[in-house]
């Protein structure tokens, strides 16, 4: 019979000698690097979320190897359940509205961060670093290139201001009908004599440019501005 105390000490020595502390530190750093990018974009899964996710996955992977010991051939029992847990967490980041699906990129990022954490827990530092660089390039460079594609649809928030709400709405609807675009009203309010309406439009970049130009040329509106939807990935 194996002495439980000796078993615990043996596993503790294995944990330390295998460089587990270094693996956890590297996982935290790589998860933090991706988290900083998400934080800079004001996403729900920011610095702490990605750092802790990567750290937890690395820790579970290390513990899966240690707890299995030398007598069990299957050392991935605990680590294999990480995928299921991360799947539930990623599903919670996805929001489905009437006109769009939000959070897909954030959910995919969290899923990838979990994989990077598992790679760090297994001691695969180069693979984890390479995956982190690929994620950062995908989120920054490819995301920027994707926004410039002519066929890419994006969501813009339009804010129109005027004096008469009825006339202003009629002018907006006339322009949108001309381009066969449906208006999804986000907010309506008034400040003294100024009426303001904010609505979202999903369209290609060329159509957004044409819509904004026609709304600005309309004599029935005082001011028109457009800005990206911060909730969009």
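The values are calculated or read from the model by the stated rules, or taken from the named source; none is laboratory data. Keep in mind it's a predicted model, so treat the numbers as computed, not measured. Every residue, glycine as well, gets a Cβ built from its backbone with ideal geometry; the counts of neighbours run over all protein chains shown.
Quick notes on this structure:
- Entry remark, region 121-130: residues being without any contact (Cβ under 8 Å) to a residue 24 or more places away in the chain and not in a loop (DSSP other than H, G, I, E, B) number 3 in total.
- Residue that is part of a loop (DSSP other than H, G, I, E, B) and over 21 Å from residue 42 (Cβ atoms), where the choices are 211, 215, 149, 133: 149
- Taking the conditions (1) assigned to a helix (DSSP H, G or I); (2) in contact (Cβ under 8 Å) with a residue 60 or more places away in the chain in turn, residue 48 satisfies each one other than (2).
- In region 182-195 there is at least one residue matching the filter, namely being assigned to a strand (DSSP E or B) and touching a helix residue (DSSP H, G or I) at 6+ places or on another chain (Cβ under 7 Å).
- Scanning region 192-233 for residues that are under 14 Å from residue 161 (Cα atoms), touching a residue at least 60 places away in the same chain (Cβ under 8 Å) and within 29 Å of the chain's Cα centre (by Cα) returns 225, 226.
- Residue match in region 92-108 (condition: outside the structural domain of residue 42 (by TED's automatic domain parsing) and in a helix (DSSP H, G or I)): no
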